[in-house]
Amino acid sequence: MQRGLGTALRIVLLVLGVLVALIGAAASVLIGSDDTAQTGPHDVFTPGVAIVTEAEALHYVGPTLHLTVSREDGAPVFVGVTNEVDATSYLEQQSRRVVSRVQLPWTITANETGAGTDALPAPSQQPWWIDSVEGAGAQELVWPIPHGRYVLAVLNADGSPAVDVQVTLGLEIEGAFYAALAVTAFGLALVLAGAWLWIRARRHRRAAVDEPEHFDQTDQPDQLDPATPPSHARHGTVTP
């Protein structure tokens, strides 16, 4: 029974250690030394005037968001973040693509809403953006995500419809890379522990097989030496 439990423990340590080490290694590669897990670029298109997120989509409170946006033709783009109320007021009933959920590495749930396709007033001229970037080529918005109801918006710089962009999304978590390395090291430690227990058990079994049997001679009956005559023969005693 005890031997079976020991074997099970060694197997669990080896399998669990391999799994933990692989997860840690994969996470460290994905995150990189800059503590940022990135995915992209991904093509996102709407015939409307904007691509926006619902407030509930930004539920990763704490990490720093890295959102890089560009157009294939190099035309200027605008990327901004604002309060939900201001975004709703600005977009009104204009057609737009609304992202309700984002799952990493890259799965989005989105739908088209609204009907109007008239150009919006230039987004860069609006004073209520909390943070924003604008220009030709790739534009990166870096924003620490706080608690609250905020909306990310991607538009053509002139507010015109047909927003066709490439999006790269990243989340920066301080210390994430070293945490992933620590997980990898812990997994390797489990593997080494399992291997050591396995080698130790095999050595014990081998020693038990090779060890000779020992008999306590004090428990054996007296045996006569064939070369030694009986005691009565040594003393010259004759039995009639």
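The values are calculated or read from the model by the stated rules, or taken from the named source; none is laboratory data. Treat the numbers as computed from the prediction; the structure is a model and nothing was measured. Every residue, glycine as well, gets a Cβ built from its backbone with ideal geometry; the counts of neighbours run over all protein chains shown.
Which is among the small types (Gly, Ala, Ser), surrounded by fewer than 16 Cβ atoms within 10 Å (Cβ to Cβ) and either under 26 Å from Tyr60 (Cα atoms) or in the same structural domain as Val15 (by TED's automatic domain parsing) (or both), of Ala119, Ala136, Ala193, Ala110?
Ala193
Quick one: is Ala37 within 17 Å of Ala182 (Cβ to Cβ) and touching a residue at least 40 places away in the same chain (Cβ under 8 Å)?
Judged against the criteria, Ala37 is a match.
Sort through Val79, Val52 and tell me the only one that's farther than 30 Å from Ala180 by Cβ, modelled with pLDDT of 90 or more and in a strand (DSSP E or B).
None of the others qualify; the one that does is Val52.
Between a first residue in the stretch 71-96 that is assigned by TED's automatic domain parsing to the domain that holds Glu54 and a second residue that is surrounded by 18 or more Cβ atoms within 10 Å (Cβ to Cβ) and basic (Lys, Arg), which pairs have beta carbons less than 7 Å apart while being 6 or more apart in sequence or on different chains?
Val77/Arg71
Any residue in the stretch 37-53 that is over 27 Å from Tyr90 (Cβ atoms) and surrounded by fewer than 20 Cβ atoms within 10 Å (Cβ to Cβ)?
Yes, that holds for at least one residue.
Here's the yes/no breakdown for (1) at pLDDT below 80; (2) not β-branched (Val, Ile, Thr):
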{"residue": "Val167", "(1), (2)": "no, no"}
{"residue": "Ala207", "(1), (2)": "yes, yes"}
{"residue": "Phe215", "(1), (2)": "yes, yes"}
{"residue": "Thr218", "(1), (2)": "yes, no"}
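Does Ser70 satisfy being exposed (fewer than 13 other Cβ atoms within 10 Å of the Cβ), under 20 Å from Trp129 (Cβ atoms) and hydroxyl-bearing (Ser, Thr, Tyr)?
It is false that Ser70 is exposed (fewer than 13 other Cβ atoms within 10 Å of the Cβ), under 20 Å from Trp129 (Cβ atoms) and hydroxyl-bearing (Ser, Thr, Tyr).
Picking from Ile23, Ile31, which residue would you name as being in contact with a helix residue (DSSP H, G or I) (Cβ under 8 Å, 6 or more places away or on another chain) and surrounded by fewer than 18 Cβ atoms within 10 Å (Cβ to Cβ)?
Exactly one of Ile23, Ile31 is in contact with a helix residue (DSSP H, G or I) (Cβ under 8 Å, 6 or more places away or on another chain) and surrounded by fewer than 18 Cβ atoms within 10 Å (Cβ to Cβ), namely Ile23.
How many residues does the stretch 82-111 contain that are closer than 14 Å to Ala153 by Cα and outside any helix (DSSP H, G or I)?
The number of residues fulfilling the criteria is 11.
Filter the stretch 73-92 for residues that are hydroxyl-bearing (Ser, Thr, Tyr) and surrounded by 15 or more Cβ atoms within 10 Å (Cβ to Cβ) and give the result.
Passing the criteria: Thr82, Tyr90.
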